[in-house]
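Shown next, in structure tokens, is the structure this report addresses.
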Amino acid sequence: MGLLDSLAGFIDNDTLAETFAIKPDDPSRLRRPLLDGIKRTREQFAARGTDAVKAASRWWQVQNGVVALTVKVGGGVLNLNDAATNHIPEPVFDKFLHQFEQAVNAGELDDALKARQAGRATADKSAGRDKTPVAGERHPSIDRDDWDSLAWAERQKVNALFRAGRNPDGSLIAVSGYKPDAPLAAQDVSAFSDTRTR
């Protein structure tokens, strides 16, 4: 038995590869979509007298001095106070959002967010949308570490760039290599022409 053969006793590719692939818990990543939604809700509520706010993208509606709030995260509704829609007096809604933001930052909704994320992952797997890469398959939705925390528009932008043969920062994959975790390009996606032959 040679020295090279003796190295096999140290290697455990079956169980250690799985342990190696586990991503550490990152509370800020988990909270980001909810905090972004609270910020957007605060801005929309402040601009409610203008036509700039579209009803389809809002978490809230106002009627008779009462705000009906439905928190939407990850394609579903996050229950608060054991209800999908909560009603808050209009004059204290901004104060409510401030305290809601503090609760999220303090980690008080982390368990609910983790359960929501775990339920979404289970639903994705049962629907055949498991993000386990197939040999040779690559896509930013599989390889990008912060994919689940990206806003819908950011995901669309990354997808459009990938289809055009570019990394999220706009660099050509053929020139600079595949970099799925590159920062998002500041330019409009349409500025990058499709360099592939059709």
Subject >> Greater than 27 Å apart at Cα, pairs in Lys72/Lys95; Lys39/Lys179; Lys95/Lys157 >> reply: Lys39/Lys179; Lys95/Lys157
Original post:
So what's the net charge close to Arg42: Lys and Arg +1, Asp and Glu -1, counting the other residues with Cβ under 12 Å from its Cβ?
Top reply: +1
Subject >> Per residue solvent-accessible surface (Å²) - region 5-119, probe of 1.4 Å >> reply: 67
Original post:
Under the Kirkwood approximation for Rh and a Cα-based Rg, what ratio Rg/Rh is obtained for region 73-120?
Top reply: 1.00
Original post:
So if we plug the beta-carbon distance of Glu90 and Ala186 into 1/(1 + (r/R0)^6) with R0 = 45 Å, what FRET efficiency do we get, rounded to 0.05?
Top reply: 0.75
Original post:
Got a number for carbon plus sulfur as a percent of region 54-102's accessible area, 1.4 Å probe?
Top reply: 49
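The values are calculated or read from the model by the stated rules, or taken from the named source; none is laboratory data. None of the values given here were measured: they were computed from a predicted structure. Quick reminder, even Gly has a Cβ in these numbers, built from the backbone with ideal geometry, and neighbours come from all protein chains shown. Accessible surface is based on the protein model in full, side chains and every heavy atom, while ligands, DNA and RNA are left aside. Shrake-Rupley method; radii C 1.70, N 1.55, O 1.52, S 1.80 Å.
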